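**Q** The following block contains the structure, expressed as structure tokens.
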Amino acid sequence: MALACALMVASGFAGLAYQIVWTQQSTSWLGHESAAVLAVVGALFGGLALGALTLGSRIDRSSQPARWYAGCEIVIGVWSLTLLALLEPASSALLALIGPQPSVAWHWFVAFSGTALLLLPATVAMGATLPAMERVFSTTTSRNISISALYAANTAGAVVGVLAAAFWLVPQLGLARSALVCALLNFGCAAAALRLRTNARAHDPGRMLPLDAASTRTSDTPNSQSLARIEHATGSSRLLLLLAATGLLGIGYEVLVVRALSQIAENTVYTFALLLAVYLIGTAIGAAIHGRWLAGKAMPTNFRNTLIQILAASCLLGTALLAGADDVKDWVISALGSNMTSALVAESAIAALAFLLPTILMGALFSHLSTSARDAGISFGQAIGINTLGAAVASLLFGVLLLPLLGLKLALLSISAGYLLLAARSAWLKPAQWALVAASAACMIWAPSLQNIKIPEGGRLISYFEGVMASVSVIEDDSGVATLHINNRQQEGSSATLLADARQALLPVLLHPAPKHALFLGLGTGLTASSATLRPDLQVDVVELVPEVITASKQFESSYSAAADLSRLHTMSADARRFIRTSEQAYDVIVADNFHPARSGSASLYTVEHFESVRERLAPGGVFCQWLPLHQLDLDTLRSIVRSYLNVFPQGVALLATYSLDTPTIGLISRKDGEHFNLEQIRAQLTSTKNMESFGITDELALLGNFIAGPRSLAKFAGSAPLNTDDRPVVAYRAPNITYSPTSTPRERLLGLLGDVAISPQELLDEQDVNWNMRLAAYWQARTRFIAAGRNVRTTSDVREMLAQVGEPLLAILHISPDFRPAYDPLLRMATALIPLDPEGARSLLMELQKIQPFRPDTAAALAAIDSAALHAR
């Protein structure tokens, strides 16, 4: 018994570790991780069902079940290793089959069926391991406790497997080596199983059909035997129906709660692992409780109905508690302090809030139904096969169909309603059943919404959309500023951030000598991509993963630049990675949005393989710019991304989108061929592109002055940081650290980065002019001083107080570079505002500015205004 349970623990460990590995690997062709999660869950349970149903009966008839178990473990290990070789050609074939812009139905069909076929040999073998070990176990101990004990051990191993994979195996070893560890575990299980000594007998139909055997002993009449068979068949059919339905509802509840908590938790790779672990812990506890205290005992006739009713009530309670999960998370973090450990504990706590009680009851109910099924003549293989068959349908039914159709709240309430419908007819004659029905109806009408939207005081919700990938909302504050939220998190940009967002489009577009076709990966509010149309004749394609974001972006069109030409803006709903790999269009400019690296699936957009695909999609001389949110990145994670970028674009350089200290955004940019930029071409671009002054791009110095690091400096900064690859997604596992527990501020990281990097004009431009190079180098020095000076500035509406803070530092910066308008223009505005308050002080400042730039007409006009006011006063 101890060896069998140990094998089940090891097998469960490997099975769930494989799920984590396969989910990550599937993103290479499925794209976003949420699609991979749903597809792998469906494929895993589908294969488990097929294996249990097709092999379970053969194992049950075999006199060597241990050999069957060993053979299945070997098949799992061998196929997982085979997948390492097959993954690249298989993913390429599946990508070609899906295409760059598939229909919703075709996308999900290929996602589910392709993943199922790719994993089929391993998942089928997995489905037969538990029936095989149950068959071994049933020959050595009481049959009444075998199912519960084995199921609990297998699930406990799964808990350890999912946590070990997420927190140690994949971060330290990568996906391929993690799969190798699991395969070695499979082979070890096979070797240990072959040592089991059993006295298993060949299958005896009478042993598995006690009701028929009893009927032939108690009655010799054909009528009584027929009646017994009918009653037995009816009972067996109902048990199978219950097994299928509970599998469907149980995994459906998991899919929906994970989605609900993604709006509250940080939605990282660790979040998914913790949620899955809590779900499995509850299931294991339920099975263990059944095996320890309930199995083998005479249960009341209404026990099953009562268990189903309590499970329905617990799902109802879990759904209701989700409304307060955000408060629970905040309370836990407040109590334990703000650090990564407390954040993970908080995520575990909200998972337990929704999962623990329902899953304990699910584990007990499955054990009860499986034991009852076997006692009714149904093999354990058939029982678990039917249960996992229902589970296989759940991710598609609830995650893809019902969630966007009904919304999160009603979809979750349908789980409770589904359990209530499983109760026997006799339950409907009792008040408890109708009380639960009334409670479900009350929750449907009065329970709080699970939209989990935080609307500021005086603000309002403009729109809300519930989609398969995410929930998307647009919220307006009391000042009329609209912001876009995905899964309750504000994205980059708002209706008030046109300046910063437009620069992320214009800077890379202006660096191309003659762009005709540009691609933007990520839409968001649309302010960035729409601004690219300010370049005449530029066709702009935008790829956005979440269709609801495209719909929500319409709310921001009134904030686009008035000169933007939306007739040249083509928006597509598709996954960025998949589109890049399957599209045949070549682009002159590709701009990748500053995706939050810690969020589910986003880190795969920073891998070497993705950058290689982008390079292939560039036209000759094309420009690729990858924006990075330094306010959401620690410097160690940034080093890995930089090194990964330079691995593909070795002549890459870095620039700033703006000089913001609170939301600094870094761009890695390079031409496909590695050529430097041409100054005359940049000047021509600035001349022919509309309205650049309103975005702070007044001349070539203002454009090139944003660069902060050359290739050599970037390579030195990156050092030996690990590459972020599809096999070793280090960014996905490192980036959450600063999300959970910030150890520095964005301005500290920006200033630290500026102190570590440098650039020379020779690394940037193909033609050299000594005098111009000196001006550019001075501009860069002034810019760095300007950013550093901003860290101590306190915001105030009093112009004299502001001048006291920034006057001398800004004048010192202008003495370094008279061309640096970000210092000159604010001083000019403050001097103009000072005229009514202190004309002589204003004159003094304006005279100083005129010395620095003698030919600025606006400075001369301000001085003339002072003289005119003085003359008028006399």
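The values are calculated or read from the model by the stated rules, or taken from the named source; none is laboratory data. Here the structure is a predicted model, which means the values were calculated and not measured. A quick note on method: Cβ atoms are made from the backbone with ideal geometry, for glycine too, and the neighbour counts reach across all protein chains shown. Side chains included, ligands, DNA and RNA excluded: accessible areas come from the protein's heavy atoms. Shrake-Rupley method; radii C 1.70, N 1.55, O 1.52, S 1.80 Å.
**Q** Could you pull out every one of the aspartates and glutamates with an alpha carbon less than 18 Å from that of Lys690, ignoring same-chain neighbours closer than 8 positions?
**A** Asp501, Asp537, Asp565, Glu680, Asp699, Glu700
**Q** Might you work out the accessible area of Tyr645 for me, using a 1.4 Å probe with all protein chains in place, and round it to the nearest 10 Å²?
**A** Counting only protein heavy atoms, Tyr645 exposes about 0 Å² to solvent.
**Q** Using a 1.4 Å probe and counting only protein heavy atoms, arrange Ser113, Ser338 so the residue with the most accessible area comes first. Let's see the in-between values first.
**A** Values: Ser113 40, Ser338 90 Å².
The residues order as Ser338, Ser113, largest area first.
**Q** At a 1.4 Å probe radius, which order do Ile641, Ile453 fall into by accessible area, largest first?
**A** Sorted by accessible area, descending: Ile453, Ile641.
**Q** Same structure again: In square angstrom, rounded to the nearest 10, how much accessible surface does Val730 have for a 1.4 Å probe?
**A** Ignoring ligands and nucleic acids, Val730 comes out at about 10 Å².
**Q** Where Rh is the Kirkwood radius over the Cα pairs of region 561-691, the temperature 10 °C and the viscosity 1.306 mPa s, what D in µm²/s does Stokes-Einstein return?
**A** Numbers: Rh = 16.2 Å.
After rounding, the answer is 98 µm²/s.
**Q** Which of the three applies to region 503-554, rounded, prolate or oblate, going by the alpha-carbon gyration tensor with a ≥ b ≥ c and a/c under 1.5 meaning rounded?
**A** Details: a/c = 2.39, a/b = 2.17, b/c = 1.10.
It comes out prolate by the Cα gyration axes.
**Q** I've got another one for you. In Å², and per residue, what accessible area does the chain have when probed at 1.4 Å with the other protein chains present? All intermediate terms of the calculation are to be shown ahead of the outcome.
**A** Working: 33870 Å² over 874 residues.
Using a 1.4 Å probe on heavy atoms only, each residue of the chain averages 39 Å².
**Q** Identify all aspartates and glutamates with a Cα-Cα distance to Lys329 below 17 Å; exclude those on the same chain that are fewer than 8 residues away in sequence.
**A** In chain and number order, the partners are Glu266, Glu347.
**Q** Where does helix 222-261 land angle-wise versus the long Cα axis of the chain, in degrees 0 to 90, nearest 10?
**A** For helix 222-261, the angle is close to 20 degrees.
**Q** At Leu336 and Glu88, where each label point lies 7 Å from the Cα along Cα→Cβ, what is the point-to-point distance in nanometres?
**A** Those two pseudo-labels are separated by 4.1 nm.
**Q** May I ask for the angle, rounded to the nearest 10°, between helix 799-816 and the longest principal axis of the chain, with both axes built from Cα atoms and the value confined to 0 to 90°?
**A** In the chain, helix 799-816 runs at an angle near 80 degrees to the longest axis.
**Q** Whole number please: convex hull volume per residue, Cα atoms of the chain, in Å³.
**A** On the way: hull volume 147.5 nm³, N = 874.
Roughly 169 Å³ of hull volume per residue.
**Q** Hey, another quick one. Which lysines, if any, have their Cα less than 18 Å from the Cα of Lys409, not counting same-chain residues under 8 positions apart?
**A** Lys454
**Q** So if I take the centroid of the Cα atoms in region 278-325 and the same for region 757-792, what is the distance between those two points in Å?
**A** 66
**Q** At a 1.4 Å probe radius, carbon and sulfur cover how many percent of the accessible area of the chain? Mind showing how you got there, number by number?
**A** Values: 20100 of 33870 Å².
Of the solvent-accessible surface of the chain, carbon and sulfur hold 59 percent.
**Q** How would Lys516, Lys851 line up by accessible area, probe 1.4 Å, largest first? Please report the intermediate quantities before stating the final value.
**A** Values: Lys516 115, Lys851 150 Å².
Listed by decreasing accessible area, they come as Lys851, Lys516.
**Q** How tilted is helix 2-30 with respect to the longest principal axis of the chain? Cα atoms for both, answer in degrees (0 to 90, nearest 10).
**A** The angle comes out near 40 degrees.
**Q** Additional query: Just how far, in whole angstrom, is region 48-116 from region 528-589 if you go by their alpha carbon centroids?
**A** 37
**Q** Sticking with this structure for a sec: For region 71-151, what log10 I(q)/I(0) values come out of the Debye formula at q = 0.11, 0.18, 0.23, 0.27 1/Å, with one point per alpha carbon and no solvent?
**A** Computed log10 I(q)/I(0) values: -0.47, -0.80, -1.01, -1.17.
**Q** Just to verify a number: what accessible area does Met299 come out at with the full protein assembly present, 1.4 Å probe, Å² rounded to tens?
**A** Per-residue accessible area (Met299): approximately 70 Å².
**Q** Roughly how many Å is it from the Cα centre of region 641-696 to that of region 711-756, as a whole number?
**A** If we compute the Cα centre of each part, the gap is 20 Å.
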